[in-house]
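No value in this document is a laboratory result; all are computed from the given coordinates. Since the model is a prediction, treat every value here as computed from it, not as a measurement. Every residue, glycine among them, receives a Cβ derived from its backbone with ideal geometry; neighbour counts consider all protein chains shown.
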Amino acid sequence: MPRKKKVENLPGFEKDTITNAVINTNTAAFSTRREQKQLLKEKENEFQQMKDDLQEIKKLLKGLSKK
């Protein structure tokens, strides 16, 4: 019996017959998803940096208004 079998109705996926794990064999889709996740992480980091910068500006403005 072969260790891996194609999954019906799911091209790009195989099932390991010993562990019953479903494995994505579509490397292009996997790479694309990894790039999407990286871009999302970069955008979240940029957004957090902008929030931090605004907080710093607020503190500076409050400090100027006290003088």
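What the table below lists for this structure:
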| quantity | calculated |
| --- | --- |
| Neighbour-limited loop hits for chymotrypsin sites (Phe, Trp or Tyr not before Pro), region 1-51 (at most 16 other Cβ within 10 Å; DSSP other than H, G, I, E, B) | none |
| Listed residue (Leu61, Leu39, Asn24) projecting farthest to the positive dipole end of the chain, Cβ model | Leu61 |
| Assigned charges on the beta-carbon of Lys, Arg, Asp, Glu; the chain dipole about Cα centre (debye) | 260 debye |
| Acute angle (nearest 10 degrees) that the helix 27-66 long axis makes with the longest principal axis of the chain, alpha-carbon atoms | 10 degrees |
| Proximal charge balance of Lys5 [Cβ under 14 Å; K/R count +1, D/E count -1] | +1 |
| Lysine pair number, Cα distance threshold 16 Å (strictly under), the chain, separation 8 or more or different chains | 9 |
| Cβ-defined net charge surrounding Asp16, 9 Å radius [Lys, Arg +1; Asp, Glu -1] | +3 |
